[in-house]
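Just below is one structure, and these are the notes that go with it.
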Amino acid sequence: MKENHNDNTDVSQQLAELEWDTQPRRDLWPDIASKIRFADRRLKIKQRWTSKSVWVPTAIAASLVLVIGTVMFNSVLYQQNLANQKYQAAMALYQEAQLQLIEQQHQTVRLQLAGLLNRQNANLSPDFVAEVEKLMQNIDSAASEIKKAISSQPNNPNYTSLLVRTYQQELKLLNRVETTPDTTI
Amino acid sequence: MSGNNEAELIELAKSGDLKAYEQLYRKHVGKIHALCLRLTGQTELAEDMTQESFIRAWQKLGSFRGDSAFSSWLYRLSSNVAIGYLRQQNKWRMVSFEESHHQATIGFASIHEEAPDLEKTLMKLPDQARTVVILHEHLGYKHAEIAQLTGIAVGTSKSLLSRAKALIQNN
């Protein structure tokens, strides 16, 4: 690695004669070990919370709870204001926005689930994969029927609530696939 | 565990064995501390940099593939840590050889009255010149490598080395 120099070559020799192994005044290891343990713990926590597999379902679950809350609240109001036409028109617009939000969340869960199945395919038994796929199809069929009902009665929040509960089944399925790496359901 | 050779200790440490890493620390701490001491010129800072070097080495252990000796890898990492810190703190500014000579009287050399003459001369060098001398003459780095590590130009590295050597020779 050294370059050629014709002059002052003895400087490196003089340097080599110096003491190049001097212990610190105190033992640094206890501090080093403690900082390493602390940093490792922080890293594990960070990795856990930056991992999509943890925060995506958690965030979706939290937002679904909020959606269910508002849907149930709306259901009560719906019963109370059934005769109010203006209220029903406003509710229809609100329901539509809610449906869009629910669909977006469902698509996120579906992509997450499909990706997970794809990644873990080699570790999962064929029966397990087939069962998950069948459950996904059931959820799709149920959701399709509920959406038809919503189209015919757009102001009825009970159907929206039912749709959210159906999609929640998919979220549960995603969590089960994540925690069941190589066995059947 | 004491019978383990270095390669085994490295593999154990890579898998998270802190006891194995402690053995590596015990083996190399003296050399790393000496390097940090000479790069920083300050006893307390050298200890901080030694500590930081071993923490950083633990975190980067996975990237050590054994292409070079573990000590060389550690030296390079520690040089990076110490020089990086000094640059960050703006302590690694360019000072003249004359100015540095005066500053050294309150630094390392004055504390170690019994230190060899070369040691005293080294500590009287500006930080950048001392770093170039250590990296080039002791660790065998090329000027291009020093430039990359320190952020100075290759020409500056050569010039600093030449002046520093002349000063060492005259003392």
Got a number for residues in the range B:24-43 being more than 9 Å from chain A (Cβ to nearest Cβ) and surrounded by fewer than 19 Cβ atoms within 10 Å (Cβ to Cβ)? 2
Search the range B:131-142 for residues being within 11 Å of chain A (Cβ to nearest Cβ) and under 14 Å from B:S162 (Cβ atoms), and hand back the single one that is modelled with the lowest pLDDT. B:E137
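Residue by residue, here is whether (1) assigned to a helix (DSSP H, G or I); (2) without any contact (Cβ under 8 Å) to a residue 40 or more places away in the chain; (3) farther than 23 Å from A:A39 by Cα holds:
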| residue | (1), (2), (3) |
| --- | --- |
| B:A7 | yes, no, yes |
| B:L12 | yes, yes, no |
| B:G16 | no, yes, no |
| B:Q23 | yes, yes, no |
| B:H28 | yes, no, no |
| B:A46 | yes, yes, no |
| B:A57 | yes, yes, no |
| B:S71 | yes, no, yes |
Does B:G140 meet the test of being of a type in the set (G, A, S), at positive phi and free of Cβ contacts under 8 Å to residues at least 60 places away in the same chain? yes
Need at least 1 residues that are modelled with pLDDT under 70 and within 14 Å of chain B (Cβ to nearest Cβ) per element, so show me which helices (runs of 4 or more DSSP H) inside the range A:1-97 make the cut, counting only ones lying wholly within it. A:29-50
Scanning the range B:129-142 for residues that are farther than 19 Å from A:E17 by Cβ and surrounded by 23 or more Cβ atoms within 10 Å (Cβ to Cβ) gives B:A129, B:T131, B:V132, B:Y141
Expected single match for within 16 Å of the chain's Cα centre (by Cα), at pLDDT 90 or above and either at positive phi or not assigned by TED's automatic domain parsing to the domain that holds B:R76 (or both) among B:E145, B:E119 is B:E145
Determine whether A:K147 is part of a helix (DSSP H, G or I), of a type in the set (K, R) and surrounded by 11 or more Cβ atoms within 10 Å (Cβ to Cβ). yes
Can you work out which of the residues in the range A:35-47 that are of a type outside the set (V, I, T) and within 17 Å of B:L24 (Cβ to Cβ) is surrounded by the fewest Cβ atoms within 10 Å (Cβ to Cβ)? A:R37
Checked the range B:143-171 for anything in a helix (DSSP H, G or I), surrounded by fewer than 22 Cβ atoms within 10 Å (Cβ to Cβ), more than 10 Å from every other protein chain (Cβ to nearest Cβ) and polar (S, T, N, Q); matches are B:Q148, B:T156, B:S159, B:N170
Filter result for the condition that a residue is more than 19 Å from the chain's Cα centre (by Cα) and under 19 Å from A:Y159 (Cα atoms), over A:A130, A:A143: A:A143
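The values are calculated or read from the model by the stated rules, or taken from the named source; none is laboratory data. From a predicted model like this one, the values you see are computed outputs, not experimental measurements. With ideal geometry, Cβ positions are generated from the backbone for all residues, glycine too; neighbour counts draw on all protein chains shown.
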